[in-house]
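Asks: Below you'll find the structure I mean.
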């Protein structure tokens, strides 16, 4: 899916809902919502309001597809690269990406749209250390 980003970001620094919807379509969001963990409780209270998961996912997708660094995330997303990276790390530790991948495979398989006749298996061989354990 090719997306032109430069024109869609508003001058005001606020990401448009249409950008988020284009980067994270409803179908993808429905699958993602099923595996994203609930926001952690803040027993001490206070702090900033947690950014919405869908907006953060759009920012993560932007970084992954554009090749920019987290710190180069355009201000139009309304969140910092640190916030996007922090959530990416949080979701990675919760294995969200693997769970979502499995959901997509299950969904395609249940529709008969998965063709396993062509598949690639990759492996790596590493030389063992002499006398290693």
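Asks: Order of 130, 99 from fewest to most other C-beta atoms within 10 Å?
Replies: The fewest-first ordering by Cβ neighbours comes to 130, 99.
Asks: If we count other beta carbons within 10 Å of each Cβ, what is the order of 20, 35, 104, 124, fewest first?
Replies: Taking fewest neighbouring Cβ atoms as first place, the list is 124, 104, 35, 20.
Asks: Based on other C-beta atoms within 10 Å, arrange 26, 106 from fewest to most.
Replies: 26, 106
Asks: What base-10 log of the normalised intensity I(q)/I(0) is obtained for the chain from the Debye formula, alpha carbons as equal point scatterers, at q = 0.20, 0.22 Å⁻¹?
Replies: -1.25, -1.39
Asks: Averaging sequence separations of C-alpha pairs under 8 Å and six or more residues apart, then dividing by the length of the chain, give the relative contact order as a whole percent.
Replies: In percent, rounded to a whole number, it is 27.
Asks: Now for a separate question. Taking just the alpha carbons, could you work out the radius of gyration and Dmax for segment 80-133, both in angstroms?
Replies: 18.3, 51
Each value in this text was obtained by applying a stated rule to the coordinates, not by laboratory testing. Note that the structure is a prediction, hence the values are computed from the model and not measured. Every residue, glycine as well, gets a Cβ built from its backbone with ideal geometry; the counts of neighbours run over all protein chains shown.
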